[in-house]
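The values are calculated or read from the model by the stated rules, or taken from the named source; none is laboratory data. Being a predicted model, the structure only gives us computed values, none of them experimental. Positions of Cβ are generated from backbone atoms using ideal geometry, with glycine treated the same way; all protein chains shown enter the neighbour counts.
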Amino acid sequence: MKTKTLSIKYEIYDSPEEMSEEDRELIKAAEEAQRTSYAPYSKFNVGAAIRLDNGLVIKGSNQENAASPDGLCAERTAMFAASAAYPDNAMVSMAISGGYGFKMDDMPCTPCGSCRQVMAEYQNKSGVPMSVIMAGKKQIWKFFKVEDILPFIFNSLETE
């Protein structure tokens, strides 16, 4: 038997001003997307913004439906839109903002497991690490690749 330890490196920021201009812009875009959320059932509004390798930013917000679970999370809305419009461009960074009343919560909004797996799929498809920024008013977490938030990724694209 062997025992191993998994360690994850990430950065914690107290405000967006401590971050790069690109990261600040992505957080702002996620906040803007959050205001387009349709969440009449949960009342929890989430916005996501993705930066592609060509510099474009694609936004998405959570969209709920009375026929639950037919809605979709902000992260997947943004990723699917990005992939449909720009299938050959890598998604290099994503920012997520969430909270009630179309406002960002104090602590970071974290993606669900399904969204994390879709992030992994697109990262694996492109071969380019995707950083993930989870934004809150009092704290921001930045992870450098999807494996940092989803260890032991399921990867059906591997042929080994």
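Give the residue that is surrounded by the fewest Cβ atoms within 10 Å (Cβ to Cβ), with candidates limited to residues of the range 57-81 that are touching a helix residue (DSSP H, G or I) at 6+ places or on another chain (Cβ under 8 Å), outside any strand (DSSP E or B) and of a type in the set (A, V, I, L, M). Of everything passing the filter in the range 57-81, M79 is surrounded by the fewest Cβ atoms within 10 Å (Cβ to Cβ). Among strands (runs of 3 or more DSSP E) entirely within the range 90-160, having at least 2 residues that are of a type in the set (A, V, I, L, M) singles out 91-100, 131-135. For T36, which of the numbered conditions (1) outside any loop (DSSP other than H, G, I, E, B); (2) surrounded by 16 or more Cβ atoms within 10 Å (Cβ to Cβ) fails to hold? The single condition T36 does not satisfy is (1).
If you scan the range 15-28, which residues turn out to be within 30 Å of N65 (Cβ to Cβ) and either touching a residue at least 40 places away in the same chain (Cβ under 8 Å) or exposed (fewer than 15 other Cβ atoms within 10 Å of the Cβ) (or both)? Residues satisfying the conditions are L26, I27.
Inspect all residues belonging to the range 29-43 and state whether any of them is under 21 Å from V128 (Cβ atoms), touching a helix residue (DSSP H, G or I) at 6+ places or on another chain (Cβ under 6 Å) and in contact (Cβ under 8 Å) with a residue 60 or more places away in the chain. Looking through the range 29-43, none of the residues is under 21 Å from V128 (Cβ atoms), touching a helix residue (DSSP H, G or I) at 6+ places or on another chain (Cβ under 6 Å) and in contact (Cβ under 8 Å) with a residue 60 or more places away in the chain.
Where residues in the range 118-144 are of a type in the set (S, T, N, Q) and at pLDDT 95 or above, which of them is farthest from G55 (Cα to Cα)?
Restricting attention to the range 118-144, the residues satisfying the condition of being of a type in the set (S, T, N, Q) are 123-124, 126, 131, 139.
Now drop any that are not at pLDDT 95 or above, which leaves 123, 126, 131, 139.
Values: Q123: 16, S126: 15, S131: 14, Q139: 25 Å.
Top of the filtered list is Q139.
Would you point out which residue out of A81, A135 is within 26 Å of S20 (Cα to Cα) and free of Cβ contacts under 8 Å to residues at least 24 places away in the same chain? Please lay out each step first, then the result.
Details: A135 fails: free of Cβ contacts under 8 Å to residues at least 24 places away in the same chain.
Going through A81, A135 in turn, just one is within 26 Å of S20 (Cα to Cα) and free of Cβ contacts under 8 Å to residues at least 24 places away in the same chain: A81.
Name the single residue, out of those in the range 39-56 being within 29 Å of A90 (Cβ to Cβ) and surrounded by fewer than 22 Cβ atoms within 10 Å (Cβ to Cβ), that is nearest to the chain's Cα centre (by Cα).
The extreme case among them is L52.
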